[in-house]
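**Q** I'd like to ask you about the structure that follows.
All of the numbers you see were taken from the coordinates with simple rules; none came from a lab. The structure displayed is predicted, hence computed values, not measured ones. Backbone-built Cβ (ideal geometry, glycine too); neighbour counts: all protein chains shown.
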Amino acid sequence: MNLTASGLLFFAFAVLTLGAGTAVALVREPVRAALVGALCFVGVGLLYLWLGAEFLGFIQWLVYVGAVAVLIVFVILLTRREDAGGETEGGRFAGLRVLGGLGVALALFGALAAAVLGSGSLYREVPEEPMVLEIAALGRELVAGAVPPLILVGVVLTVALVGGVTLALVERKPDA
Amino acid sequence: MITLQLVLLVSSALFCLGLAIVLLRRNAIIMLIGIEVMLAAANLNFIAFWRYGAEPGSLTGVVFALFSIAVAAAEAAVGLALILLVYRHFRTIDPGRLPVAHD
């Protein structure tokens, strides 16, 4: 297997993404876990770029790293308490829980990997010519074929944000 | 070189990592990050199948991933608001310590 620079880049991005994801599971401090989570999303965006979907990669960075990760750090700071301590360490079934969680995740990975490797039609090399995602073509595709879902997704986002604000609203007592 | 199988293996590993985060961590916010990681792994599959697909001109995979990112953002907003609400009621975001989670 001869590796070119492009292949090395893919492996570097994959290692970055999976390593940051592993760190999220291992780091105890919530703020640090959220920051390595942001690094994992950066890695996913890099993989999108490697695959040729530049627009999606930048959207991924804007939405996940720019918005979602910052929101998560804010909520961690809002819910931080000195006396609350960390996560529940003990419990009678702590070891069993860790073993069970790891077992389920590894079993699922085994099943997925077996399915992927067992399917010969998936053995495709990346096309030689670089693929460029034209933003204009993407816009035409959205306007031509996906108008109702586009409007619906706008409605979903609006309802979700208004609902989030309503949920997080502090109710004041009438006499206050 | 890099085949479709390899990309799909990476996305499978990423999905299982997200699942492991949800199952192993006991902090509702970190569990939400795990869910987002699983969604990102699914999006990676859409992009990979678009890149290696038989019809390069078709943009269906990219459009689907775009919608998926939008829905994931909405899900994060609602989830974090719910976590804030739970914290205000019970003063903890550890699912193991919530009174409703005990049997």
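**Q** For chain A, list the DSSP H helices whose alpha carbon atoms reach 24 Å or more along the long axis and whose average Kyte-Doolittle value is -1.0 or above? Don't skip to the end; give the middle numbers.
**A** Working: long enough: A:5-26 (31 Å, 1.96); A:30-51 (32 Å, 1.85); A:94-118 (36 Å, 1.91); A:147-168 (32 Å, 2.30).
Once both thresholds are applied, what remains is A:5-26, A:30-51, A:94-118, A:147-168.
**Q** On a 0 to 90° scale, report how tilted helix B:4-24 is relative to the longest principal axis of chain B, with both axes built from alpha carbons and the result rounded to the nearest 10.
**A** Relative to chain B, helix B:4-24 is tipped by roughly 0 degrees.
**Q** Here's another thing I want to ask about it. By the gyration tensor of its Cα atoms, with a ≥ b ≥ c the square roots of the eigenvalues, what is the shape of the protein assembly as shown: rounded for a/c under 1.5, prolate for a/b over b/c, or oblate? Write out the running numbers ahead of the final one.
**A** Values: a/c = 2.36, a/b = 1.41, b/c = 1.67.
Because a/c hits 1.5 or more and a/b fails to exceed b/c, the protein assembly as shown counts as oblate.
**Q** Give, in nm to one decimal, the length gained when the segment between A:Val132 and A:Leu102 is fully stretched (0.36 nm per residue of separation minus the Cα-Cα distance). Mind showing how you got there, number by number?
**A** Values: separation 30, 0.36 × 30 = 10.80 nm, distance 3.89 nm.
Full-extension gain reported as 6.9 nm.
**Q** By how many nm would the segment from B:Met1 to B:Arg88 grow when fully extended, if each residue of separation counts as 0.36 nm and the alpha-carbon distance is taken off? Intermediate results must be reported in sequence, preceding the final value.
**A** Values: separation 87, 0.36 × 87 = 31.32 nm, distance 5.25 nm.
Additional length available on full extension: 26.1 nm.
**Q** Against the empirical 2.2 N^0.38 Å scaling, what ratio does the C-alpha Rg of the stretch A:1-81 come to? Can you show the working numbers first?
**A** Numbers: Rg = 14.5 Å, N = 81, 2.2 N^0.38 = 11.7 Å.
Against the compact-globule rule of thumb, the ratio is 1.24.
**Q** Based solely on C-alpha atoms, express the radius of gyration and the Dmax of chain B in angstrom.
**A** Reported Rg and Dmax, both Å: 17.3, 54.
**Q** Net charge within 14 Å of A:Val147 by Cβ-Cβ distance, Lys/Arg positive one each and Asp/Glu negative one each, not counting A:Val147 itself? Walk me through the numbers before you get to the answer.
**A** Working: positive: A:Arg140; negative: A:Glu141.
With Lys, Arg at +1 and Asp, Glu at -1, the net is 0.
**Q** Hey, another quick one. What net charge do the residues around B:Leu8 carry, taking every other residue with its C-beta under 15 Å from that of B:Leu8, with Lys and Arg at +1 and Asp and Glu at -1?
**A** On the way: positive: A:Arg124, B:Arg51; negative: A:Glu125.
Neighbourhood net charge equals +1.
**Q** Enter the Cα centre distance for the pair the stretch B:39-90 and the stretch A:1-57, rounded to the nearest angstrom.
**A** 16
**Q** Lys and Arg at +1, Asp and Glu at -1: add these up for the other residues within a Cβ distance under 15 Å of A:Ala160 and post the number. Display every interim value, and only then the final one.
**A** Numbers: positive: none; negative: B:Glu36, B:Glu75.
Residues near A:Ala160 contribute -2 overall.
**Q** So how tilted is helix B:28-52 from the main axis of chain B? Cα-based, degrees 0 to 90, rounded to 10.
**A** The two axes meet at around 10 degrees.
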